[in-house]
Amino acid sequence: EGLRVAADGFPRRFTTPGLTMRAGDVSSAAAAAATNGSWSPRLLPAAPGALELPPDASVELHFSHAVDRSAIGSALQLDPPASGTTLSLSACRAERASCASLSLQGAPLGVGAVHRLLLPAGTRYHPSCGPLGSAVEARFSGLLPFSIPFRQTEPPADEWRAMRPSARRQRLLLRHGLAASVAIDALAAQMSLRLNSTGAALPLKLSRPGGAVALLEADLLPDTRYTLSVSGSGRVRDAFGLPLQHSYTTFDTAAADAGLTLPDGQGRPLRFASGAGGLDPPG
């Protein structure tokens, strides 16, 4: 109405919304081919929240506001720096202004190395915004070493946390599969299964039902302690050429359950079923 705004002497303070950045889908044609599409960048990370980036990986970065890719592309940095590695940004498949696809050029990240991807404070991530008030980040790692991961190395003090297999067949993770020249028998030759009470070795059989899975079979007895060891070898390598590392697990098998089969009304006798002879279901 043309009236002047009366000053009340009280300052008004406000904060503009901050920018957030998170890592979305990670794709790697090499990892997918080696594992029949079952590879996951989030499985057993090198550090909490660190996604695994194979050399050919691309990862979608999602932002809470629209960003200018050329502006953030020149500002993004790895901490610690990765020698010989440069960052490249392109449009996401969905072509959204709040998304950018990141890929690594030049040297890959070091094996097992963890890096923060930083968009530093002070960055003008869009022509219509002011400088970023505080840094935003995501975490990544290079390829994880080739080893057979186990839930435990020694049985924990808390029994409810313990790994207690209840079958004679156990699935083992091959994160990156195996090199094309490496047969599953070569991996089996690096494994030994021993009875802890006597140290006696047990025969084992290893097969590969899937690209990222090895299936271990052995005549395990119930309520018995065993140690499964995997010896490192430069001759046994995964699909990225990484050599097999040493790992082991000591575990107790589950106690066998016993049950009673009642008559079924057809004149069949009672049958007492006990798993005392092994971990397979009773016949």
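Rule-based calculations on the coordinates, nothing more; no lab input. Fair warning: this is a prediction, and the values are worked out from it, not measured in the lab. Cβ coordinates were reconstructed from backbone atoms using ideal geometry, including for glycine residues, and neighbour counts include every protein chain displayed.
Table for the structure above
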{"item": "Hydrodynamic radius (Kirkwood) for region 168-262, which is based on Cα pairs only, to one decimal in Å", "result": "14.6 Å"}
{"item": "Nearest-20 debye value, the chain charge dipole, Cβ charges on Lys, Arg, Asp, Glu", "result": "160 debye"}
{"item": "For the chain, Cys with no neighbouring Cys Cβ under 4.7 Å", "result": "C129"}
{"item": "If the convex hull is drawn through the Cα atoms of region 25-87, its volume per residue in Å³", "result": "126 Å³"}
{"item": "The chain, relative contact order in percent, only Cα pairs under 8 angstrom and at least six apart counted", "result": "16 percent"}
{"item": "Values of log10 I(q)/I(0), in the order q = 0.09, 0.11, 0.12 Å⁻¹, for the chain under a Debye, Cα-only, solvent-free model", "result": "-0.63, -0.80, -0.88"}
{"item": "D (Stokes-Einstein, µm²/s), Kirkwood Cα radius, region 8-60, 1.002 mPa s at 20 °C", "result": "152 µm²/s"}
{"item": "Distance between modelled label sites at A113 and T16, nm, 7 Å Cα→Cβ extension", "result": "3.5 nm"}
